[in-house]
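Below: the structure, in structure tokens.
The values are calculated or read from the model by the stated rules, or taken from the named source; none is laboratory data. Keep in mind it's a predicted model, so treat the numbers as computed, not measured. Counting neighbours? That spans all protein chains shown, and the Cβs are built from the backbone with ideal geometry, glycine included. Surface accessibility is based on the protein's heavy atoms, side chains included, excluding ligands, DNA and RNA. Shrake-Rupley method; radii C 1.70, N 1.55, O 1.52, S 1.80 Å.
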Amino acid sequence: MSKGLKIVVLVKQVPDIEKVRFDYEKGRLDRSSAEAVINPFDLNALEAAAQIKEKIGGVVTAVSMGPEQAKDALRDALARGADEAVLLSDLRFAGADTLATSYTLSCAVRKLGAFDLIICGEKTIDGDTAQVGPEVAEFLGIPHVAYVDEILDISIAEITVKSRLDGDNYVVKMRFPGLITVTKDANVPRLPTLKDKLRSRKAEITVWGMKDLACLDEKQFFGLQGSPTGVAKVFAPTSGKKKGQIVMGTPEEKARRIAEILLKLGASQ
Amino acid sequence: MNNVPDAEGVLVFAEQNNGLVHPVSFELLGKGRDLADRLGVKLSAALLGHGVHKEALELVYYGADVVYVFDSPFLSMFDPVQYAKNLVRLVTETRPAIFLLGATRLGRSLAPRVAAALRTGLTADCVDLDLDENGNLVQVRPAFSGNIMAQIKTKTRPQMATVRYKVMKANARDPRRKGKVIVKEPEVLSDTGIQILEKTAVGGVNLAEAEVVVSGGRGLKSPGDIALLKELAKELGGVVGSSRPLVDAGWISRDHQVGFSGHTVKPRVYVACGISGSPQHLFGMRDSDVIIAINKDASAPIFNVADYCVVGDIYEIVPLLVQELRKLKAVKNLDERK
Ligand SMILES: Cc1cc2nc3c(=O)[nH]c(=O)nc-3n(C[C@H](O)[C@H](O)[C@H](O)COP(=O)(O)OP(=O)(O)OC[C@H]3O[C@@H](n4cnc5c(N)ncnc54)[C@H](O)[C@@H]3O)c2cc1C
Ligand SMILES: Cc1cc2nc3c(=O)[nH]c(=O)nc-3n(C[C@H](O)[C@H](O)[C@H](O)COP(=O)(O)OP(=O)(O)OC[C@H]3O[C@@H](n4cnc5c(N)ncnc54)[C@H](O)[C@@H]3O)c2cc1C
């Protein structure tokens, strides 16, 4: 390979939130109720990588930390344009919070060698913290731009993106190596072709465990042991009903009653 | 892990934009004051920007005992690398036990960098903060896209959290409050790899700040019917909000979306028209002062959080409501003129 970018896409396998059922009594999700899928925002990350590759060439490596089962997510990534896939899987990686997850991912990226751009999803739909991208960037000592809505320009040296932070649109130029996290607005992920799907089913997926990661002298930074935050308990969000007043009468009477209430609340122009 | 036993005090990141402090920072100071008083420690704030000295006193008025100001042209706009570097230095120097940032997009881009550099735990997007019997921070946050709430504790110091805008209460501004303003020498890199070429205000509706929000959901039959809501909103001096399906269908722009993946609103009055009240929608509006729900299904979950429940067809009720409001206002105006 001569020219082009070396791109790493970080993908996480998550339960399908549209299908998953919640046991609100126990405040837990019933994992058997839904299949595992690629985190939807990571599809936008993969699509961004695929488009960059089409435009200026390069190699895309998908990396995921998770159990053996997460190979399915990586196969999906391969079908959607990634060239290589690496699964980080080890019992000692389990129970990781974002700090330990980011540390593990950053070790893997280091091991992969020189890279230009890392692309993450904006956030996941399960843990939902949006912290892994910027934490990986910090561990690798590279800049990042979060919440990228659009890639405006890209060359082999730098990328220009549009990102919305709260009330402002930013146009930011970032030199490589760097990291971006992309939103749902960044692109429309393509559907993998049947041929790509079949090809990915047979593809080789590299698996790295703890012993394979370079910075191994720091065992205490992985998994549960390396996680400063812990979930103490979970509960359902809609506890506590209000005792609302039911407005009775004909539609006209209801409307009049609400109008009176609104005016009393001082809500009127 | 840096389990610093002597960590003490509460630090708040005072986010600013164009030299003005973001209101979430005043809310953090309100919560931070409460935590600091219960722990018997100091509340500090970190203000980074350019030409922001005059805002430092505002932070004191809202509850800070000490304000650290970092002023430099390199800090005028948000560069996560520059900001993180200075905050990491301040935390290393002052060793707070608790460090809070707003869960704005800016805060959520910045906080993880700081946490990683300090190798400390960070809890995302908290909607409640409390202390356990040992004085550890108890952080409550939604997860699984708003479907569950989780209580999270942090072993390391500082215990870092980003906190959702519009869920904590700011204290009343007290211009007689005294505090110390300490000007710090910022440490800036001449080149972080990031160059901000342009920054422009997005514009559009300001849902988060609105006093009255009239929202519509899938009870609407066609995009043109949003005009119904607009009319009611206009009568009430409010803005139009919506549930997510209308946004996904392209009937209304995303800046109108209320809920977990949209805006959190806390208006004086929230009128929900043809909205069922999914956990994701409730997440963004349940703390409104008064909720009025109009839905033709008496068992719709929205009625569980509503103060006034109107079981009925929005196509009937909403136009009547606009009429009644006009009538009542006309009477009121007449009375006032007498
Ligand atoms: C209920 C609950 C609450 C939690 N709250 C917190 C909390 O407040 N703080 C905390 O530190 N941890 C928390 N965790 C743990 C956290 O969810 C896990 O550490 C998780 O592995 C990564 O975080 P995330 O899912 O939030 O990812 P995010 O930070 O939202 O993910 C952003 C992007 O990073 C990449 N990425 C994330 N995870 C992986 C992965 N495993 N492999 C490859 N790429 C990845 C993807 O590109 C993804 O789109 C919580 C977990 C649960 C179950
Ligand atoms: C990850 C994730 C994030 C999400 N984020 C959000 C979010 O931020 N905001 C959000 O709103 N949703 C969000 N959702 C979607 C959410 O789960 C619901 O699907 C959505 O809120 C439902 O919108 P709705 O109430 O308008 O529609 P429906 O649930 O279809 O409800 C329509 C209601 O209108 C009533 N109705 C119908 N006709 C009439 C009539 N003529 N008069 C009166 N009432 C009538 C019906 O009785 C019904 O109760 C999210 C979902 C996921 C998975």
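For A:ASP83, the requirement of being over 16 Å from the mean Cα position of the chain (by Cα) and charged (D, E, K, R) is met.
Residues in the range B:277-299 that are surrounded by fewer than 21 Cβ atoms within 10 Å (Cβ to Cβ) and over 29 Å from B:LYS169 (Cβ atoms): B:LYS296, B:ASP297, B:ALA298, B:SER299.
Based on what the data block shows, is A:LEU105 over 19 Å from A:ILE56 (Cβ atoms) and either surrounded by fewer than 24 Cβ atoms within 10 Å (Cβ to Cβ) or of a type in the set (A, V, I, L, M, F, W, C) (or both)? So A:LEU105 fits the description; yes. Suppose we filter the range A:50-79 for residues that are within 23 Å of A:LYS3 (Cβ to Cβ) and over 14 Å from the mean Cα position of the chain (by Cα); how many remain? Residues that pass the stated criteria total 13.
Looking only at the range B:165-189, residues that are over 19 Å from B:GLY63 (Cα atoms) and either within 16 Å of ligand 2 (Cβ to nearest atom) or among the charged types (D, E, K, R) (or both) come to 3 in all.
Restricting attention to the range B:314-328 and to residues that are more than 8 Å from every other protein chain (Cβ to nearest Cβ) and within 13 Å of ligand 2 (Cβ to nearest atom), the residue that is most open to solvent (accessible area, probe 1.4 Å) turns out to be B:TYR315. In this entry, B:VAL331 is excluded by the filter for residues that are near ligand 2 (Cβ under 9 Å from one of its atoms) and open to solvent by less than 90 Å² (accessible area, probe 1.4 Å). Can you go through B:HIS263, B:HIS281 and tell me which one is near ligand 2 (Cβ under 9 Å from one of its atoms) and farther than 26 Å from A:MET248 by Cβ? That would be B:HIS263, the only listed residue that is near ligand 2 (Cβ under 9 Å from one of its atoms) and farther than 26 Å from A:MET248 by Cβ. In summary, B:PRO223 fulfils each of the numbered conditions (1) within 11 Å of chain A (Cβ to nearest Cβ); (2) open to solvent by 40 Å² or more (accessible area, probe 1.4 Å) with the single exception of condition (1). Can you pull out every residue in the range A:233-262 that is at pLDDT below 90 and facing chain B (nearest Cβ under 7 Å)? If the condition is that a residue be at pLDDT below 90 and facing chain B (nearest Cβ under 7 Å), then A:LYS233, A:VAL234, A:PHE235, A:ALA236, A:PRO237, A:THR238, A:LYS241, A:LYS242, A:GLY244 are the ones that fit. Pairs needed: first member in the range B:270-284, within 12 Å of B:PRO142 (Cα to Cα); second member anywhere, open to solvent by less than 10 Å² (accessible area, probe 1.4 Å) and within 7 Å of ligand 2 (Cβ to nearest atom); C-beta distance under 7 Å; at least 6 residues apart or different chains. Filtered contacts from the range B:270-284: B:PRO279/B:GLY146; B:GLN280/B:GLY146; B:GLN280/B:GLY259; B:PHE283/B:GLY146; B:PHE283/B:GLY259; B:GLY284/B:VAL258; B:GLY284/B:GLY259.
Apart from one condition, A:ARG201 fits all of (1) within 10 Å of chain B (Cβ to nearest Cβ); (2) of a type outside the set (Phe, Trp, Tyr); (3) more than 30 Å from B:GLN195 (Cα to Cα); the exception is (1). Scan the range B:87-95 and give yes if some residue there is surrounded by fewer than 19 Cβ atoms within 10 Å (Cβ to Cβ), more than 9 Å from chain A (Cβ to nearest Cβ), of a type in the set (D, E, K, R) and in contact with a helix residue (DSSP H, G or I) (Cβ under 7 Å, 6 or more places away or on another chain), otherwise no. No. Candidates A:PHE41, A:PHE115: the one that is assigned to a helix (DSSP H, G or I) and in contact with a Lys or Arg (Cβ under 9 Å, 6 or more places away or on another chain) is A:PHE41.
Per-residue answers, yes or no, for (1) facing chain B (nearest Cβ under 8 Å); (2) under 18 Å from B:ARG141 (Cβ atoms):
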residue: A:PHE93; (1), (2): no, no
residue: A:LEU99; (1), (2): yes, yes
residue: A:LEU112; (1), (2): no, no
residue: A:LEU117; (1), (2): no, no
residue: A:GLY121; (1), (2): no, no
residue: A:GLN131; (1), (2): yes, yes
residue: A:PHE139; (1), (2): yes, no
residue: A:ILE142; (1), (2): yes, no
residue: A:GLU150; (1), (2): no, no
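Taking the listed residues A:ASP166, A:ASP185, A:ASP212, A:ASP196, the one that is at the interface with chain B (Cβ under 7 Å from one of its Cβ atoms) and of a type in the set (D, E, K, R) is A:ASP166, with no other qualifying.
From the list B:GLY216, B:GLY238, the one residue that fits, being touching a residue at least 12 places away in the same chain (Cβ under 8 Å), away from ligand 2 (no atom under 15 Å from the Cβ) and touching a strand residue (DSSP E or B) at 6+ places or on another chain (Cβ under 9 Å), is B:GLY238.
Of the strands (runs of 3 or more DSSP E) lying entirely inside the range B:99-151, those containing at least 2 residues that are facing chain A (nearest Cβ under 8 Å) span B:122-126, B:137-143. For the criterion of being within 9 Å of another protein chain (Cβ to nearest Cβ), of a type outside the set (D, E, K, R) and either within 16 Å of ligand 1 (Cβ to nearest atom) or farther than 30 Å from B:ALA116 by Cα (or both), B:LEU236 passes. The condition (being open to solvent by 20 Å² or more (accessible area, probe 1.4 Å) and free of Cβ contacts under 8 Å to residues at least 40 places away in the same chain) is satisfied by just one residue among A:GLU150, A:GLU84: A:GLU150. Of the residues screened, A:THR124 is one that is touching a residue at least 60 places away in the same chain (Cβ under 8 Å), within 16 Å of ligand 2 (Cβ to nearest atom) and open to solvent by 10 Å² or more (accessible area, probe 1.4 Å). If you take the residues of the range B:284-305 that are more than 7 Å from ligand 2 (Cβ to nearest atom) and part of a strand (DSSP E or B), which of them is farthest from B:PRO23 (Cα to Cα)? Of everything passing the filter in the range B:284-305, B:ALA293 is farthest from B:PRO23 (Cα to Cα). Test B:ALA64 against the stated conditions and say whether it is in contact (Cβ under 8 Å) with a residue 60 or more places away in the chain and either over 16 Å from B:LEU47 (Cβ atoms) or not charged (D, E, K, R) (or both). Spelling it out, B:ALA64 is indeed in contact (Cβ under 8 Å) with a residue 60 or more places away in the chain and either over 16 Å from B:LEU47 (Cβ atoms) or not charged (D, E, K, R) (or both). Scanning the range B:176-205 for residues that are more than 14 Å from chain A (Cβ to nearest Cβ) and charged (D, E, K, R) turns up B:ARG176, B:ARG177, B:LYS178, B:LYS180, B:LYS184, B:GLU185, B:GLU187.
Looking across the range B:53-73, the residues that are part of a helix (DSSP H, G or I) and buried (at least 20 other Cβ atoms within 10 Å of the Cβ) come down to B:ALA56, B:GLU58, B:LEU59, B:VAL60. Being touching an Asp or Glu at 6+ places or on another chain (Cβ under 9 Å), within 24 Å of B:ILE292 (Cβ to Cβ), buried (at least 18 other Cβ atoms within 10 Å of the Cβ) and β-branched (Val, Ile, Thr) holds for only one residue in B:VAL163, B:VAL205, B:VAL167, B:VAL240, and it is B:VAL167.
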